[in-house]
Amino acid sequence: MTERPPVLSVRGLSVRFLMPGGRRVAAVTDAHFDVAPGECLALIGESGCGKSVLASALLGLLPANARTAGQARLGDLDLLTADERTLARTVRGRRIGLVPQSPAAHLTPVRTIRSQLEETVAELTGVRGRTALRAAAEQAAARAEFPAGHLDRYPHELSGGLAQRAATALALVGDAPLLLADEPTTGLDRDLVDRTVDELRRHVDTDGDRALLMITHDLAAAERIADRVAVMYAGRIVELADATAFFGTPGPRHPYSRGLLEALPDRAFTPIPGLPPELGDLPDGCAFAARCPRATDACTALPPFTGSVACHHPAPADRAAATEDIRA
C-alpha cells in the first residue's frame with residue numbers, strides 16, 4: 001500500500017491456552033501480516049477459527065491461562081511483551097481503538113451512553129466544559145449512526161444493534177492510529193452495516209495515516225471496504241490476498257477461501273462439507289484436508305505459507321490459468 005512503515009506488524013504470533021490435565025489448545029498459530037497506513041485488512045473465517053483470540057492478544061486481553069509467542073509491533077512497541085500499565089494508559093483507546101464483538105460487556109451498565117461518551121472524549125481528546133463535552137459526545141454518536149434521542153439511555157435499554165453503534169462511537173473518539181473492529185456489524189441490518197463500515201473506512205481515509213484491522217464473517221462488508229483479505233482456518237492464516245482479486249477475478253487461491261465465497265447466497269450457495277477440527281486436537285498436516293476436494297497424500301504434511309497461500313494444491317495465481325482451473 002505504501003513505502004511507509006506499517007502501523008501494525010505481526011510476526012509469528014501464536015496463542016496457546018493451557019487447560020487442565022496439561023492439554024494445550026492452539027488458538028492461533030504462527031500468524032504473519034502487516035497493516036499499512038491507509039489500509040483496511042479484513043481477517044475472515046468461520047466462527048471459532050481464532051480471529052477474536054488474535055484481537056485479544058493484540059490488546060493484552062487474554063485470560064491468565066494463555067501463552068503467547070512471536071511479535072506484534074505497533075510502531076516501536078511490542079504489544080505482546082508490553083505490561084498492563086502501558087497497555088491501559090498508552091495503547092487501548094489512544095493507539096488502538098476497539099470495536100468489540102460483545103458491546104454489552106464493554107459498556108458500563110449503570111451509566112448512560114452520553115456520560116460514557118463524554119468521559120471518553122474528555123480522557124482522549126482533552127475537551128473540557130459541559131457544553132463542549134455535550135457537543136463532542138453528540139458528534140461522536142452521529143459518526144456511528146447512534147441516535148441522539150437514545151444518548152440518555154442505559155445499556156440495558158438498548159437493542160443489540162444500538163449497543164453495537166454505541167461501542168463503535170466510543171472506539172472512534174480517540175482517532176487512534178489503528179482501529180481494531182471485531183465483528184463490528186453484529187446485530188445491524190444491511191443498511192446500517194453499510195453505513196457503519198463506511199464510517200470505519202472514513203477513519204482510515206481521513207489523512208491516510210491510520211489503519212483498520214476488521215475481523216468479520218460478513219464477507220459483503222469485507223468486500224465493501226477492504227484493501228486486502230487474510231483468511232484464517234483452524235488458528236492459522238492460510239491466505240493473504242488483494243481484495244479486488246479475492247472477490248473478483250481470479251478469485252481466492254486456497255480451497256477453503258473458495259469454499260467461503262461459494263457458500264454465499266449470491267454465488268453458488270453451497271456450504272463447505274464437514275466441520276473444522278477442534279483447536280485442541282489439530283492434525284499434523286493440513287487442517288482443511290478432511291474437507292478439501294483437492295486433498296492428496298501430500299496434505300498429511302503441514303503446507304508452508306508460500307507467496308500468498310498455505311496450501312499444497314492452490315489455484316493458479318495468474319488470471320488465465322485460474323480461469324482454466326475453474327473450468328476443469
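Annotations
- Among residues of region 254-268 that are closer than 16 Å to Ala243 by Cα and without any contact (Cβ under 8 Å) to a residue 12 or more places away in the chain, none has a beta-carbon under 8 Å from a residue that is open to solvent by 20 Å² or more (accessible area, probe 1.4 Å) and not in a loop (DSSP other than H, G, I, E, B) at least six positions away or on a different chain.
- Pairs where the first residue, in region 72-85, is under 16 Å from Leu180 (Cα atoms) and touching a residue at least 12 places away in the same chain (Cβ under 8 Å) and the second is open to solvent by less than 30 Å² (accessible area, probe 1.4 Å) and hydroxyl-bearing (Ser, Thr, Tyr), C-beta under 8 Å, 6+ apart: Ala72/Ser9; Arg73/Ser9
- Which listed residue, of Gly280, Gly285, Gly259, Gly307, is on the phi > 0 side of the Ramachandran plot and not aliphatic (A, V, I, L, M): Gly307
- Some residue of region 189-196 being within 19 Å of Phe288 (Cα to Cα) and either assigned to a loop (DSSP other than H, G, I, E, B) or more than 14 Å from the chain's Cα centre (by Cα) (or both): no
- Single condition Thr249 does not satisfy, out of (1) within 18 Å of Glu46 (Cα to Cα); (2) among the β-branched types (Val, Ile, Thr); (3) part of a loop (DSSP other than H, G, I, E, B): (1)
- Checked against (1) at pLDDT 95 or above; (2) in contact with a strand residue (DSSP E or B) (Cβ under 6 Å, 6 or more places away or on another chain); (3) open to solvent by 50 Å² or more (accessible area, probe 1.4 Å), Arg153 passes all but condition (2).
- Candidate set from region 197-236 (those that are surrounded by fewer than 23 Cβ atoms within 10 Å (Cβ to Cβ), part of a loop (DSSP other than H, G, I, E, B) and over 12 Å from the mean Cα position of the chain (by Cα)); member that is modelled with the highest pLDDT: Asp227
- For Ala122, the conditions (1) touching a residue at least 60 places away in the same chain (Cβ under 8 Å); (2) small (Gly, Ala, Ser); (3) within 30 Å of Arg73 (Cα to Cα) are fulfilled apart from (1).
- Subset of region 269-300 [over 18 Å from Ser47 (Cβ atoms), open to solvent by less than 50 Å² (accessible area, probe 1.4 Å) and in a loop (DSSP other than H, G, I, E, B)]: Gly285, Cys286, Cys292, Ala295
- Ala315 meets all of the listed conditions (1) modelled with pLDDT under 95; (2) open to solvent by 40 Å² or more (accessible area, probe 1.4 Å) but one, namely (2).
- Residue that is among the hydroxyl-bearing types (Ser, Thr, Tyr) and without any contact (Cβ under 8 Å) to a residue 60 or more places away in the chain, where the choices are Thr249, Thr300: Thr300
- Taking the conditions (1) in contact (Cβ under 8 Å) with a residue 40 or more places away in the chain; (2) in contact with a strand residue (DSSP E or B) (Cβ under 8 Å, 6 or more places away or on another chain) in turn, Val197 satisfies each one other than (1).
- All positions within region 8-27 that are crowded, with 18+ Cβ neighbours inside 10 Å and within 25 Å of Phe247 (Cα to Cα): Leu8, Val10
The values are calculated or read from the model by the stated rules, or taken from the named source; none is laboratory data. Bear in mind the structure is a predicted one, so any value in this text is a computation, not a measurement. Note that each Cβ is placed from the backbone with ideal geometry, even for glycine, and that neighbours are counted across all protein chains shown. Ligands, DNA and RNA are stripped out before the accessible areas are found, and what is left, the full protein with its side chains, is counted by its heavy atoms. Shrake-Rupley method; radii C 1.70, N 1.55, O 1.52, S 1.80 Å.
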